[in-house]
Amino acid sequence: MIGPTAWRSVDDGLTIAVRVTPRGGRDALAAGTPEHFAARLAAAPVDGAANAGLVALVAKTFGVSKSAVTIISGETARLKRLHIAGDSTVLAEIASALYGPRA
């Protein structure tokens, strides 16, 4: 089965691609395109507030601590890549569940 490329299992967790919309109302992480998740953040992109909000949102969604989530690229861009430390199988199941059942 060929699935979305929005996430990839790695030895120590999962990497995910996220497209961020700051000042997007309430915080939400959902399926985006097959290439990335879509994150809406209430925070403005000022003084790292949106990045901090994204880390907190991803940590809550995947059930890990904030210290387990790291932005590995795209600090100042809308498209970001994050690393989530933990059990890659469990994290991949959560990522898959966000996209819902596939045909």
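The values are calculated or read from the model by the stated rules, or taken from the named source; none is laboratory data. Every value quoted in this text rests on a predicted model; they were computed, and no experiment measured them. So basically every Cβ, Gly included, is an ideal-geometry build from the backbone, and we count neighbours across all protein chains shown. Heads up: the accessible areas ignore ligands, DNA and RNA and are worked out on the full protein's heavy atoms, side chains in. Shrake-Rupley method; radii C 1.70, N 1.55, O 1.52, S 1.80 Å.
Would you point out which residue out of THR89, THR70 is among the hydroxyl-bearing types (Ser, Thr, Tyr) and either in contact with an Asp or Glu (Cβ under 7 Å, 6 or more places away or on another chain) or without any contact (Cβ under 8 Å) to a residue 40 or more places away in the chain (or both)?
Just one listed residue meets the conditions, THR70.
Scan (1) in contact with a Ser or Thr (Cβ under 9 Å, 6 or more places away or on another chain); (2) open to solvent by 40 Å² or more (accessible area, probe 1.4 Å); (3) at pLDDT 95 or above for the single condition SER67 breaks and write down its number.
(1)
What do you reckon, is LEU82 under 17 Å from VAL10 (Cβ atoms), part of a helix (DSSP H, G or I), modelled with pLDDT of 95 or more and out of contact with any His (no Cβ under 9 Å at 6 or more places or on another chain)?
no
Pick out the one residue from GLU93, GLU75 that is surrounded by fewer than 16 Cβ atoms within 10 Å (Cβ to Cβ) and part of a helix (DSSP H, G or I).
None of the other options fit; the residue is GLU93.
Which residues, taken from the stretch 4-47, are under 19 Å from SER73 (Cα atoms), in a strand (DSSP E or B) and without any contact (Cβ under 8 Å) to a residue 60 or more places away in the chain?
Once the filter is applied, which keeps residues that are under 19 Å from SER73 (Cα atoms), in a strand (DSSP E or B) and without any contact (Cβ under 8 Å) to a residue 60 or more places away in the chain, the stretch 4-47 yields ARG8, THR21, GLY32, THR33, HIS36, ALA38, ALA39, ARG40.
Checking ALA30 against (1) touching a Phe, Trp or Tyr at 6+ places or on another chain (Cβ under 8 Å); (2) of a type outside the set (Asp, Glu); (3) surrounded by 14 or more Cβ atoms within 10 Å (Cβ to Cβ): exactly one of these is not met. Which one?
(3)
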